[in-house]
Amino acid sequence: MIKDQASFEAALQRVADLLEHPPAHGTPEDEKFVELLHDIESYQPAIVTAPPETAIERIGHEADDLVAKAADFLRQRRERSERESLMNFPKDGKGIGPTTGV
């Protein structure tokens, strides 16, 4: 039975060696060969994965994204406000004089 990566690789090497000189059909070596092939086929390597993200962590990441978007929105709003203030006449009338042509 194959239980780890090292025994899996050893089994593959043994199969490669047996394929060079295959055992006679129906012999005990042939049965062991077939069993070895079956073990290789059924081996499931243990894959180490990161633990799933918890709901609290996910909410924290979403909150960070929302804060970043809000900061970006405020920055764009300030920039737009500054651009528009330079393109319009003041509403209170201050600053309008002979140099503006009005």
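The values are calculated or read from the model by the stated rules, or taken from the named source; none is laboratory data. Predicted model, so just to flag it, every value in this text is computed and none were measured. Cβ atoms come from the backbone with ideal geometry, glycine included; neighbour counts cover every protein chain shown. All accessible areas refer to the heavy atoms of the entire protein, side chains included, with ligands and DNA or RNA removed. Shrake-Rupley method; radii C 1.70, N 1.55, O 1.52, S 1.80 Å.
Give a quick list of chymotrypsin sites (Phe, Trp or Tyr not before Pro) in region 1-68 that DSSP marks as loop, anything other than H, G, I, E or B, with at most 16 other Cβ atoms within 10 Å.
Tyr43
Enter the accessible area per residue of region 1-70 (Å², integer; probe 1.4 Å; all protein chains in place).
I get 84 Å² per residue for this part.
If you take every residue apart from Ala46 with its C-beta less than 14 Å away from the C-beta of Ala46, what net charge results, scoring Lys and Arg +1 and Asp and Glu -1?
Cβ neighbours under 14 Å give a net charge of 0.
Using Cα pairs closer than 8 Å and at least 6 residues apart in sequence, work out the relative contact order for region 1-73, in percent.
33 percent
Can you send over the carbon and sulfur percentage of the accessible area for region 1-40, probe radius 1.4 Å, protein chains only?
On the way: 1800 of 3090 Å².
Roughly 58 percent, rounded to a whole number.
Could you tell me which trypsin sites (Lys or Arg not before Pro) in region 50-87 are loop residues by DSSP with no more than 12 other beta carbons within 10 angstrom of their beta carbon?
Here no loop site has a sparse enough neighbourhood.
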